[in-house]
Structure formats: C-alpha cells, structure tokens
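Peer 1: My questions will all concern the structure given below.
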Amino acid sequence: MSVSRYAIGADIGGTNLRVALVKSDATVVEKVKVSSSGDVVASLISAIEDLYTGETVGIGLGLAGVVDRKRGVVEKSPNLPSIDGVSFIDALGKRFPLPVYVDNDANAAALGEKWAGAGTDFRSFVLFTLGTGIGGGVVHDGRLLDISAELGHISVEASGVRCPCGNNGCLEAYAAARAMVGRVVEALEGGAESLMKDCCSGNIYRLTPEDIYRYALEGDGLARETLKTAGRYLGVGIASMINVFSPEAVILSGGLTGAWNIYVEEAIREASKRAFPELFRSVKILPARLGDDAGMIGAAHIVFQKEQPSRSTAPV
Ligand SMILES: [Zn+2]
C-alpha cells in the first residue's frame, strides 16, 4: 500500500501570497491566501505552520522575480521589491526541518499545468501568466526549461514606456493589469469621456482590471479600447514565442484571462497575423486549468520530483 506524501507549495506573487498543502497525487488538501504587502517571510512562516503535517516531505516556493535556485535567493523582483535579496532557503530552513526548493513563480505555474492541468497532453508549451505583471514558463520535449523565461520583459516597443524592471517597452508595460489601469487613469485624468469616471464612488484610482472589463461589456469605448490595445501587445509577445519555440500549445493563465472574449481574442487575432503561418496553424491557444492553484501545485511538484521515496520504503 502506498503511503500518502505531502508537500507545502507556495506561490509568492506581486499581490498575494498563496500557500497550500498538496498531496502527491496533486490534490490541494488545504490552502491559505494572504496579501504579500506585509512581511513576506513572516507571513509565509505563519501560513506554513498552519498547514504543516507530519507527512510533509518538503517546501516548494514559486517566487515572483529572477531566482537563484541553488542559493534560494531572489535576485530581482520588479513587482515585489521587498523580497529582493531574501534567501528563502535560509529563512525557512532555520524554522522547519525540511528541504526547501525555490523557482520563479511562473515556472512553478507551468510545472503545475504540466503535471495536473491544461498542459498534461502536450510535450511542449509556452505558458504566460497574465496578472499584475506578466511571467512565463516554457516546457519543451516534456520538461520545464531551466531558463529565466521572463516573457513579460521581452521588448515590444523599441522606444516604449518605462517598465518596473528598468527597461523600456516591455510586454508587461503594455499588456499587464497594472498597465491597463494606468492607461485608463491617465486617459480619465486627461478628460476622456467614459462611464468609468463614475466608477468606484468617483475614485478612479481604485479602478481594477475587473472594473475595466465590466465597463467594456457595457459598451464603454475607453474600456474596450484599453483591453484591445493590451491584447494586441500580448499577441505580439505570443507570436514571438510561437516563432521561437514552435510549441504545441500556448497556455494562458492569470486573472486577465477572465477578459478572454475581448483581451485574449484580440491577442490571438494579432498573433495570427504575426507568427509564421505554418507554426500558427498547429498551435493551440487555450486557458490554463488550475487557476490560482497552479503555482502552488507546481511548487509542490518540485518537492515531489526532488524527494523521491527511497527504495527501501517504496511499495513493491
Ligand atoms: Zn520589463
């Protein structure tokens, strides 16, 4: 009889910190979500303490930013600067008697989708995470590529607007949630006519991407144009990735995929014009299946990959 094994999987993003206890069959047993605006390490430790069981074999973390996997250090996190330079292996290793593994958050999401989500049927796919920022992961020949895959920071405008990473013209600065909200606020400040002026009790600085989508569905011109423009840039990024990796699929995850019929459909239209037709014809563009759980499930999967049961205890 096989013994159930558990891992803690955490997804540490620009807005939220999500932590789950995950079973070795990819089931999420229990999960918690807290804001990542406070002390991230303290919040993470507290969440792990709540979820930890005696059968936990390790802790896996997906972290927003460029990560040094060996040292467990976040080298640069444009969307969560408070974790720049933090060594999570040290911080958690002191508190828990468990191995700790780290990867980039979008890589973890790609692993999650490969293991138990929309990517299970594909040998190769490119995953975009579309939220506050944009991240990515690339699976090729059945394996997650050990690359930074900062898909949000490919340049889509040579002399474009400033991105939090320090570069100009990044995909993220045009197609992510923060960019969309920024564009709407700037337009409204400039006196643009839009129903969104009356949003959020008149406080336009509280506008969210969900608000923009809602107004777009009501036919608001500025809201629709904002989503379509962002989608067009996303399509530029998707086309580039199709031409580089010739994947079987492009999987789109994150909150912005809720605006699929405007934002993503515009992206697909744009990508179809730009990617090599031979490659575009054979690629499937589809939504992720694990939703917000993908990063946690993928981070837990890293643990299970590394912490195989020893032969002496494995069932025969
Ligand atoms: Zn950038």
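The values are calculated or read from the model by the stated rules, or taken from the named source; none is laboratory data. The model shown is predicted, which means the values in this text are computed figures rather than measured ones. Because the Cβ atoms are built from the backbone with ideal geometry, glycine has one as well, and the counts that use them run over all protein chains shown.
Residue by residue, here is whether (1) surrounded by 18 or more Cβ atoms within 10 Å (Cβ to Cβ); (2) at pLDDT below 95 holds:
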residue: ASP146; (1), (2): no, yes
residue: SER155; (1), (2): no, no
residue: ALA173; (1), (2): yes, no
residue: THR229; (1), (2): no, no
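Peer 1: Go through the range 114-144 and give me each residue that's of a type in the set (D, E, K, R) and either loosely packed, with under 15 Cβ neighbours inside 10 Å or within 16 Å of the ligand (Cβ to nearest atom) (or both).
Peer 2: ASP121, ARG123, ASP141, ARG143
Peer 1: Report, ordered by the first and then the second residue, all pairs with beta carbons closer than 9 Å, sequence separation of six or more or different chains, a first member in the range 145-159 that is farther than 13 Å from VAL66 by Cβ and without any contact (Cβ under 8 Å) to a residue 12 or more places away in the chain, and a second member that is within 12 Å of the ligand (Cβ to nearest atom) and in a loop (DSSP other than H, G, I, E, B).
Peer 2: ALA158/GLY169; SER159/GLY169
Peer 1: How do the pairs read when you match residues in the range 167-193 that are in the same structural domain as GLY258 (by TED's automatic domain parsing) and closer than 12 Å to GLU157 by Cβ with residues anywhere that are among the hydrophobic types (A, V, I, L, M, F, W, C) and away from the ligand (no atom under 12 Å from the Cβ), using Cβ under 7 Å and keeping only pairs 6 or more apart or on different chains?
Peer 2: Close Cβ pairs (under 7 Å, with a partner that is among the hydrophobic types (A, V, I, L, M, F, W, C) and away from the ligand (no atom under 12 Å from the Cβ)) amount to GLY169/ALA158; TYR174/ALA230; ALA175/ALA230; ALA175/LEU234; ALA179/ALA230.
Peer 1: Got a sec? Which of GLY133, GLY85, GLY137 is touching an Asp or Glu at 6+ places or on another chain (Cβ under 9 Å), more than 25 Å from GLU307 (Cβ to Cβ) and not assigned by TED's automatic domain parsing to the domain that holds ILE12?
Peer 2: One residue alone meets the criteria, GLY133.
Peer 1: So, one more: When only residues in the range 57-94 that are in contact (Cβ under 8 Å) with a residue 12 or more places away in the chain, surrounded by fewer than 15 Cβ atoms within 10 Å (Cβ to Cβ) and in a helix (DSSP H, G or I) count, which is nearest to the ligand (Cβ to nearest atom)?
Peer 2: SER82
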